[in-house]
1. Give me the aspartates and glutamates in straight-line cross-link reach of residue 109: C-alpha distance below 16 Å, same-chain residues under 8 apart excluded.
2. What translational diffusion coefficient, to the nearest whole µm²/s, does the range 152-221 have by Stokes-Einstein, given a Kirkwood radius computed over alpha-carbon pairs, a temperature of 25 °C and 0.890 mPa s viscosity?
3. What residue among 157, 22, 134 has its Cα farthest toward the positive end of the dipole of the chain, where the charges are +1 on Lys, Arg and -1 on Asp, Glu, each on the Cβ?
4. Using all Cα-Cα distances in the chain, what percent lands in each 10 angstrom bin from 0 up to the longest?
5. Report the GluC sites (Glu not before Pro) located in the range 126-221 that are in a DSSP loop and have at most 16 other Cβ atoms inside 10 Å of their Cβ, or state none.
6. Expressed as a rounded percentage, what relative contact order does the range 1-45 have, with Cα pairs under 8 Å and six or more residues apart?
7. How far is the Cα center of the range 95-126 from the Cα center of the range 77-93, in Å?
8. Quick check for me: using +1 on Lys/Arg Cβ and -1 on Asp/Glu Cβ, what's the dipole size of the chain about its Cα centre, in debye to the nearest 20?
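Read-outs: derived from the displayed coordinates by stated rules, not from any lab. Since this is a predicted model, take the numbers as computed values, not measurements. When we count neighbours, we look across all protein chains shown, and the Cβ atoms used for this are built from the backbone with ideal geometry, even at glycine.
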Amino acid sequence: AGEPDLAGRHVVVSAGGTREPFDPVRFLGNRSSGKQGYALARTAAARGARVTLVAANTGMPDPAGVDVVPVGTAVQLREAVLKAAGDADAVVMAAAVADFRPAAYATGKIKKKDGQEPEPIALVRNPDILAEMAADRARPGQVIVGFAAETDDVVANGRAKLARKGCDLLVVNEVGERKTFGSEENEALVLGADGSETPVPHGPKEALAEIVWDLVAARLD
Ligand code: C5P
């Protein structure tokens, strides 16, 4: 740390995991803790950026000097990120956004009925926020970063996802039963649309965050 190389820049970071409710007390969710996104927000602020952190169900205290926008669902996260991205130099989508949400929402708690099989939960697709933002950039030269958790063929799957999403950088994590989620540490490979490959050794999420901002800063005009 030291150089305020993001001074005068506005960056948007999404963190946490969306929850997709199907009645007032239940939701479909995921295990994302939000720690990587918070590390990204803190390190960007320390490097001088104005930071908007769109936080989905993280339950962590707001980092100092960061504008936090709390959200619940993927649809809410999309609204908040698109709004903040309007004047952003960079957007980093570290949040685990649900690919699907329940098709219906019951306004009363769903009850079990004696002798009856449960109703299946029908799902519909959520919008792909990252792909949408990359395809229609809010400003020219905006740098867009995605995250991907892969269990196998990290490079091949990562390259395919980078191309599909159309973002500039994709941070690929190898996930397993005891890796990444909720942990203080991370290990990753950052793939660039320019063909670059930056391995990030196992270490604190702050260290990965610094490398992401180095790569972003190098791509800002
Ligand atoms: O397709 P997949 O969920 O693996 O992609 C992960 C990346 O895409 C993350 O950066 C995540 O924030 C973003 N994403 C999104 N909208 C979705 C699903 C994922 O922006 N509906």
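1. Candidates past the 8-residue exclusion: 20, 23, 119.
2. Once the numbers are plugged in, D ends up at 194 µm²/s.
3. Ranked along the dipole, the leading option is 22.
4. For the chain, the pair-distance distribution reads 8, 33, 36, 15, 6, 2, 0.
5. The qualifying sites are 177, 184.
6. 37 percent
7. 29 Å
8. On the way: 26 positive and 31 negative charges, 157 e Å.
Once rounded to the nearest 20, the dipole reads 760 debye.
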